[in-house]
Structures are given as structure tokens and as C-alpha cells.
Amino acid sequence: MDINIKECNLWEIPCNGLIIGIFLNELPSEINNLDKEIQGKINYLFKEKEITGKSGEITIIHTFNEIKPERILIAGMGKREDINTNQLREIFSMSVKRLKSIGCKQVALLPPSFKELKLEDISSSIVEGIILGLYNFTKYLTLEKDNQKIENITFVLPPDCNIQKEILNSGIKYGTIISRNANLVKDICNEPSNYMTPEVFAQQAKKTFEGKKIKCIILDEHDLVLENMNLLLAVGQGSPNPPRLVVLEYIKDKNLPTIGLVGKGITFDTGGVTLKQTKTTLFEMKRDLTGGAVVLGIIKTMEELNYPFNCIAAIPLAENAVGNISYKPGDIFYSMSGKTVEIFDTDCEGRLILADAFTYIQKYYSPKAIINLATILNIGSILGNERVPFYTNSKALISKLEEASEITGEYIWQMPLDRKYRERILSHFADRKNRSYKGPETISMALFMEDFIEKEVDWVHIDLASVDTKYGEKSYISRGSTAFGVRLITRLLLNLPGDYL
């Protein structure tokens, strides 16, 4: 699908459908001349209150060859004071999908402009809503497949509008890159685990970055032994598909600061010997690699947008399976850091593989901060399925995370990191244990991971367990993987240079 800008009158753009967004009880002045060309139909319907601008309202007007657009779709955007970037994604996603459902291939739109939001954020959000909303995973469909496609999206700038083309284009570029990389993440996460093994993921990462400025390093099970990454090896030892560590290097200049990204890559999680009990959701465990896939999408976006600092991504990959030599409750392993860990629960494997990845990235790259994304502990019953918890040891990153969250519509909530509960991760027979049954489980989980972060390193853990999967179609998020975190962290990193880096 091509996305472009054209400067012309609205009635002169050849397309199957022209989208115009309006606020509640307002008609934009830019459409006055267009309305004259169709005998005042828009104003008539507005006066008759068939068009109101109410949020979610869609009205399609057929033009019957009076002008070049075959249809005009009026999309209600609600009250002007309530508008935000997430609503823009939802409105334009819904509008384009409506046009697609009636066979439209060439779509144009009038980009809204208003002082409440930056133009670059407006255009980026519109593009994100369209590209993400049109995504579908159809690789394995052989009988019925929706072959209808939108071929072209044109942003129309009429002569009387005051929109700066360069700023508009910058937002379109950002939105296009980040959305297409989010859809790449969805493709990885929607693959079945009988295909997406640790080795397949590693090779896909290698192929993704061939010919790019990002270097891909793959550590196999023999390399992991040499690095003493025994926690990662333990989690994967019950599976015939051995573990891997994928390291992605984006180096702008060795003298620049480095940010570390770590993403959990469990290609399927049975729970191990501590077998999961929830049969109805076990099939979703193919998406326990979401954090790893998201990290891949983030660093790919950084390279394509030419971010001005270094970034290292580490993706520990394993299949937590039940086998003849699976690791067991009561086992004790030496981590790469040298700390010993007693296994209380084999279904708490994510924090184990992340611990070794933290040590690896700190040993070889000395990052200023580590941001890790993982599906660890689902607290959707508390925060719902559209907001994720995060834990951090850094006050400097909190406001930047919250700002990125509001712009991207990937919402977050800070959780406590009370260190008085550190005793809950202490073992009588090893330095640490991987689970505390006493609770609070959310805090003890985060404290276990923080224990492998060096004191001078800022750290953020974002838990994706409650948002990694969408069960039905809703606005611009399609069924299946959500790729939650790609847009959030990419925007966070965009805002770091300056007072932080």
C-alpha cells in the first residue's frame, strides 16, 4: 500500500472514497468549496442532523460522477476538546476499513489540523491507525481469504489549507515505518510454535537485518555453555529445540551512550514440570515470545529512523517444555552473574532467562539503561487488557515513559518496587529463589529481576502478559498479536536525547 501527499482541490482527487473528519457540531471551512460542487449535500445533511460529528459516526455520500471522488465518507471525531492521538487512530482505521469492506482501493483523506495536537503526531497517528487496522495474519488460510486490499492512501492538501507539507510528510514517514515494523512483530508472534522455534526465530532475525546497519549475533547452546548462561540453558533443556541468544547491535558511534533492550523469547511455555493448569489459554503460550519480537521491532525502527545513539538488544530464546531432562523444582543453578538460583516454580522461567540476558548485555556493552519487555505475570484483572504495569529503579524515566504512553495509546501504570520484600526472593540453600509463594508476587517478581541489574544502570520492566493478545477486532488492533510496546518504546527512545542521554 502506497501513502502519498497531493496538493489539489478536494473534488479533483480521483479516488473511490474521500475521508473527511469533523468535530461535533462543526464543519471545517476547507470543505465549503467541495460542498458547492455536490450541490450542498454535506451542509444539508448537517442541518438535518443526519451528520453531527459524534464520535464513531460514519456517513457515506455517493457523488454520482459530480466530482472525481466516487464517495465522501464523513467521520465523526467527537468533541474538539476530547480529541487525542488514539482517537485519531481509531477513527481513521474504522473509516478506511469501512471503505475497504465495500470494495474501495484508492482512498484519499483530508488531514485534520488543530492546535490541540502537533501536526506530526496527527499524521503519524492516522497512518498508524490505517496500517495497523488493516493487518491480518492469513498465512495459513487456504480455503477462504480476504483478497480485497487498499492500494493507495492519499493525503490531500487543498489550496486554502494551512498545513505544512514537510511536517505532514515527516509524520507519515514515522507512522509508516513504526506500523510496518509492528506488523512484522505480529507476524512473528502469530506463528505457531511448531514452526517458530528458538532457531527459526534466530535465523529470521539474521535474515531481517541482512544488509542493514544492525549486526546480528547468534549464540547457540554451545556458546551459552561457554558464557555460563545456565539459567537460559536450564529453561530450554527439556525441549528438543535448544535455546539461543540473539544479540542485535545498533552502533552509531562507540563514544555515544548505549541503551539496552532485553525481550523475553519463550517460543512456547507449558509451564515445565510445574505444568500450567489453564487449558483454555494454553494455546496462547506461543506468544510468550512477544517481548523478544517487540525488541526486534523496536531496534529495526531505530535503525530506519536513524536514532542518534547506540542500542543493543538481547533476546534470550527457549522452549519451556516437559521432557526427560527438564529442569525441576528444587534444582539449583549458577547464573551467568555467578549468583545461584533455586527453582521453586518452573513456570517462572521468564525471569530466569532475562537474568542471564541482563548480565550478558551489562558485561559486554555497559548500557546506561536497560528496558526489558516480557510476558511475565498477567494482572489484567487489576489493570484491564489495555494498560500494562511497569517497574523501574529510575525516577528520570518515569515521566518520559508516561509521555510516550499518552501519545502512542499504549497505556502504562507504575507499580511499586518495595525493597522490604527482597527477603521473599532469598533461599535457604542458594543465593536466590525464582518465586515467592508468600506474595506480593508482582513485587517479588520485579525484585528478582532487578537483583541482576548493576547499581549504576537504570532499569525498566514492562509486563506485556495482559495485553499480548487481542481476542476480537477492535478499532485498529486486529485479532491475535497486538505488538504492544513497539510504538511505546520507540517513542520513549525518541525523547531520550537531550536531558537524559
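Look through region 444-472, keep the residues that are outside any loop (DSSP other than H, G, I, E, B) and of a type in the set (S, T, N, Q), and return whichever of them is nearest to Lys264 (Cα to Cα).
Among those that are outside any loop (DSSP other than H, G, I, E, B) and of a type in the set (S, T, N, Q), it is Thr469.
Among the residues of region 82-133, how many are crowded, with 23+ Cβ neighbours inside 10 Å and among the basic types (Lys, Arg)?
Matching residues across region 82-133 total 1.
Would you pick out the residues in region 76-90 that are assigned to a helix (DSSP H, G or I) and β-branched (Val, Ile, Thr)?
Residue satisfying the conditions is Thr85 alone.
Rundown of residues vs (1) at pLDDT below 95; (2) within 24 Å of Ile60 (Cβ to Cβ), yes/no style:
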{"position": "Met77", "(1), (2)": "no, yes"}
{"position": "Met94", "(1), (2)": "no, yes"}
{"position": "Glu116", "(1), (2)": "yes, no"}
{"position": "Leu134", "(1), (2)": "no, yes"}
{"position": "Tyr140", "(1), (2)": "no, no"}
{"position": "Asn147", "(1), (2)": "yes, yes"}
{"position": "Cys161", "(1), (2)": "yes, yes"}
{"position": "Ser170", "(1), (2)": "no, no"}
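In region 347-380, what residues are in contact with a helix residue (DSSP H, G or I) (Cβ under 8 Å, 6 or more places away or on another chain) and of a type in the set (S, T, N, Q)?
Asn372, Thr375
Which pairs do you get when a residue that is closer than 13 Å to Glu349 by Cα and in contact (Cβ under 8 Å) with a residue 12 or more places away in the chain, found in region 266-294, comes within reach of a residue that is aromatic (Phe, Trp, Tyr) and part of a helix (DSSP H, G or I), reach meaning Cβ atoms under 8 angstrom, with the pair 6+ apart or on two chains?
Sorted first by the residue in region 266-294, then by its partner, the pairs are Thr267/Phe201; Leu289/Phe201.
This table checks each residue for (1) touching a residue at least 40 places away in the same chain (Cβ under 8 Å); (2) among the polar types (S, T, N, Q); (3) surrounded by 19 or more Cβ atoms within 10 Å (Cβ to Cβ); (4) in contact with an Asp or Glu (Cβ under 8 Å, 6 or more places away or on another chain).
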position	(1), (2), (3), (4)
Asn306	no, yes, no, no
Ala318	yes, no, yes, yes
Asn324	yes, yes, no, no
Ser335	yes, yes, yes, yes
Val341	yes, no, yes, yes
Cys348	yes, no, yes, no
Leu352	yes, no, yes, no
Tyr360	yes, no, yes, yes
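Quickly run through region 161-172 and pick out the residues that are in contact (Cβ under 8 Å) with a residue 60 or more places away in the chain, in contact with a helix residue (DSSP H, G or I) (Cβ under 9 Å, 6 or more places away or on another chain) and part of a helix (DSSP H, G or I).
Leu168, Asn169, Ile172, listed by residue number.
Considering only region 46-61, how many residues are surrounded by fewer than 13 Cβ atoms within 10 Å (Cβ to Cβ) and assigned to a loop (DSSP other than H, G, I, E, B)?
Here the count works out to 3.
Can you tell me which residues in region 362-386 are modelled with pLDDT of 95 or more and not hydrophobic (A, V, I, L, M, F, W, C)?
Gln362, Lys363, Tyr364, Tyr365, Ser366, Pro367, Lys368, Asn372, Thr375 - these are the residues of region 362-386 that are modelled with pLDDT of 95 or more and not hydrophobic (A, V, I, L, M, F, W, C).
Mind listing whichever residues of region 142-160 are assigned to a loop (DSSP other than H, G, I, E, B) and either under 14 Å from Asn9 (Cβ atoms) or of a type in the set (Ser, Thr, Tyr) (or both)?
Listed by number, the residues that qualify are Thr142, Pro158, Pro159, Asp160.
State which residue is nearest to Tyr334 (Cα to Cα) when the search covers only region 381-439 and only residues that are acidic (Asp, Glu) and over 19 Å from the mean Cα position of the chain (by Cα).
Among them, the one singled out is Asp431.
The values are calculated or read from the model by the stated rules, or taken from the named source; none is laboratory data. For clarity, every value in this text was computed on a predicted model and none was experimentally measured. Don't worry about glycine lacking a Cβ; one is built from the backbone with ideal geometry, like all the others, and counts go over all protein chains shown.
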